[in-house]
Amino acid sequence: MPRYMHLSIYDEERMDKIMAAMSSKVRRDILRLVNRNSYSVTEIARVLNIPTSTAAFHVNHLQAADLVRVQSKSAQHGASKIISRKLDEINISYVPEYDSDEIMTSVLNIPIGSFTDCEAVPSCGIATDKNIIASEDVPSVFFSPERIAAQIIWFSAGYLEYKIPNYVLRDKEPVGLSFSMELCSEAPNFRLDWKSDITFWVNAKEICTWTSPGDFGGHHGLLNPDWWPDMSTQYGLLKTIRINQHGAYLDENKASSVKIGDLHIDEGAYFTLRVGIKPDAVNLGGMNLFGECFGNYQQNIICKLSYKDKKMEE
C-alpha cells in the first residue's frame, strides 16, 4: 500500500528538516537505492563507493527527517542496521491551515483501549502485546478492565467512542482539531480486497467517511509481536482527519463542509470522538484499529487541539 508524508509549507521546522535532508546528492542516492531493496550501512557504502562512516552520517540525517526506516538486525559480529524505504510520496500543501499566526497546539496521546463506549459485532476481539484478552468473538471482553492495554481491536460492525478532555481550551478559542490513527477493514483472517466504509464523528456530528480498501496481511506487521498469527490482520493505513475554520479534510483532501465552530468542542468537560461502521454503510467491511505496538506505525490515536486566546470584549 502507498505510504505518504503530508507537509504544510507553513510548518517551517518540518520543512527545513526535510529540505535539508534532501539537499545532499548522496542522501538522494541512498533514497533511490533503498527504493528497490533494503541495505545495511556497509552495503550502502560499497554500492555508492563512499566510506562507511560517511554512509552512516547520511543515513542518520535521513532517519532524523523520517525519510527512511532503520532496524537493528543480529549479525555474526554483533548487530547491524538495515535501512529500507519508508515513504512512496511526499505531498506539500500550500494552503494555510489557520487564519491567525498566534496559534498554540496541544497534543494528546490516546491509548486505543481507553474508549468509554462501544458496540462490537463478531468477528471481534481485543489483543494486548502479550495475548488476546479472554477469547475472540466475545463482545463482553470490550467491557473488561484489561481493554486499557489494547494494542489491536477489531470488529465486523460497531463503533468505539472516546471522551477527550478539553481543559486546554479554557478561556481559549479552538481553531483546529486533528486526529490520526492506523486502521483497516476486518475480514476473516485477512483479505486485501475487502472494502469497508469507516466513519468518524466528533460530538455526534458526522465528519467524514473513509473507504478502507482491504484488511491487510501477507507479511508480518513491522511492530507486531512474534506470537501474533501470520494469517491474521497485520497492519493498516495511517489516516489523518483535520477540522479547521475552512472545513474537514481527510489527509490532504477536502472531505466535508463541517467547520471547527460546528463541533462545540470547548463546551463542557470533554468532547467525544467516535470511529466505526454505520449500519447503512455501502461497504460493511468492519474495522481494525492499531495501537503503538501493532501494525506499521508506532502510535496510538494522536489528537491535536489548536487554539488561540479569545478576543477581549471592548
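The values are calculated or read from the model by the stated rules, or taken from the named source; none is laboratory data. Bear in mind the structure is a predicted one, so any value in this text is a computation, not a measurement. Backbone-built Cβ (ideal geometry, glycine too); neighbour counts: all protein chains shown.
The rows are residues; the columns are (1) in contact (Cβ under 8 Å) with a residue 24 or more places away in the chain; (2) touching a strand residue (DSSP E or B) at 6+ places or on another chain (Cβ under 9 Å); (3) surrounded by fewer than 21 Cβ atoms within 10 Å (Cβ to Cβ).
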{"site": "P188", "(1), (2), (3)": "yes, yes, yes"}
{"site": "R191", "(1), (2), (3)": "yes, yes, yes"}
{"site": "N203", "(1), (2), (3)": "yes, yes, yes"}
{"site": "W210", "(1), (2), (3)": "yes, yes, yes"}
{"site": "D215", "(1), (2), (3)": "yes, yes, no"}
{"site": "G218", "(1), (2), (3)": "yes, no, yes"}
field: Within the stretch 251-302, strands (runs of 3 or more DSSP E) holding 3 or more residues that are crowded, with 16+ Cβ neighbours inside 10 Å
entry: 270-276, 287-290
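Could we say that K73 is under 20 Å from N224 (Cα atoms), surrounded by 15 or more Cβ atoms within 10 Å (Cβ to Cβ) and modelled with pLDDT under 85 here? Give the derivation first.
Numbers: under 20 Å from N224 (Cα atoms): yes; surrounded by 15 or more Cβ atoms within 10 Å (Cβ to Cβ): no; modelled with pLDDT under 85: yes.
Considered against the rule, which asks whether it is under 20 Å from N224 (Cα atoms), surrounded by 15 or more Cβ atoms within 10 Å (Cβ to Cβ) and modelled with pLDDT under 85, K73 comes out as no.
Criterion first (farther than 23 Å from F115 by Cα and either outside the structural domain of G125 (by TED's automatic domain parsing) or out of contact with any Cys (no Cβ under 6 Å at 6 or more places or on another chain) (or both)) does S185 satisfy it? Explain how you work it out, then say what you get.
Numbers: farther than 23 Å from F115 by Cα: no; either outside the structural domain of G125 (by TED's automatic domain parsing) or out of contact with any Cys (no Cβ under 6 Å at 6 or more places or on another chain) (or both): yes.
Criteria not met by S185.
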query: Name the pairs whose Cβ atoms lie under 7 Å apart, with the first residue in the stretch 39-50 and assigned to a helix (DSSP H, G or I), the second basic (K, R), and 6 or more positions between them or separate chains?
result: V41/K81
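Looking at G113, G158, G125, G176 in this structure, which one is farther than 21 Å from Q234 by Cα and among the small types (G, A, S)?
On the way: G113 fails: farther than 21 Å from Q234 by Cα; G158 fails: farther than 21 Å from Q234 by Cα; G125 fails: farther than 21 Å from Q234 by Cα.
Criteria check complete, one pass: G176.
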- prompt: With (1) of a type outside the set (G, A, S); (2) at pLDDT 95 or above; (3) within 22 Å of E252 (Cβ to Cβ) as the list, and R147 as the residue in question, which single condition is left unmet?
  reply: (3)
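So for the stretch 277-299 (the condition being acidic (D, E), over 13 Å from the mean Cα position of the chain (by Cα) and at pLDDT 95 or above), does at least one residue qualify? Outline the logic, then answer.
In the first step, residues of the stretch 277-299 are kept if they are acidic (D, E); the result is 280, 292.
Now narrow it down to the ones that are over 13 Å from the mean Cα position of the chain (by Cα): 280.
Going one step further and asking which of them are at pLDDT 95 or above, we end up with 280.
Yes, the stretch 277-299 contains a residue that is acidic (D, E), over 13 Å from the mean Cα position of the chain (by Cα) and at pLDDT 95 or above.
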- request: Tell me which of these S156 doesn't satisfy, since it passes every other one: (1) surrounded by 14 or more Cβ atoms within 10 Å (Cβ to Cβ); (2) under 30 Å from K308 (Cβ atoms).
  value: (2)
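What about P165, is it in contact (Cβ under 8 Å) with a residue 24 or more places away in the chain and either of a type outside the set (G, A, S) or surrounded by 22 or more Cβ atoms within 10 Å (Cβ to Cβ) (or both)?
Answer is yes for this residue.
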task: With respect to E186, determine if the residue is assigned to a loop (DSSP other than H, G, I, E, B) and not aliphatic (A, V, I, L, M).
output: yes
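Any idea which of S140, S156, S106 is part of a helix (DSSP H, G or I) and among the small types (G, A, S)?
Details: S156 fails: part of a helix (DSSP H, G or I); S106 fails: part of a helix (DSSP H, G or I).
Unique residue meeting the criteria: S140.
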field: Boolean, R242 is surrounded by fewer than 19 Cβ atoms within 10 Å (Cβ to Cβ) and assigned by TED's automatic domain parsing to the domain that holds R170
entry: no
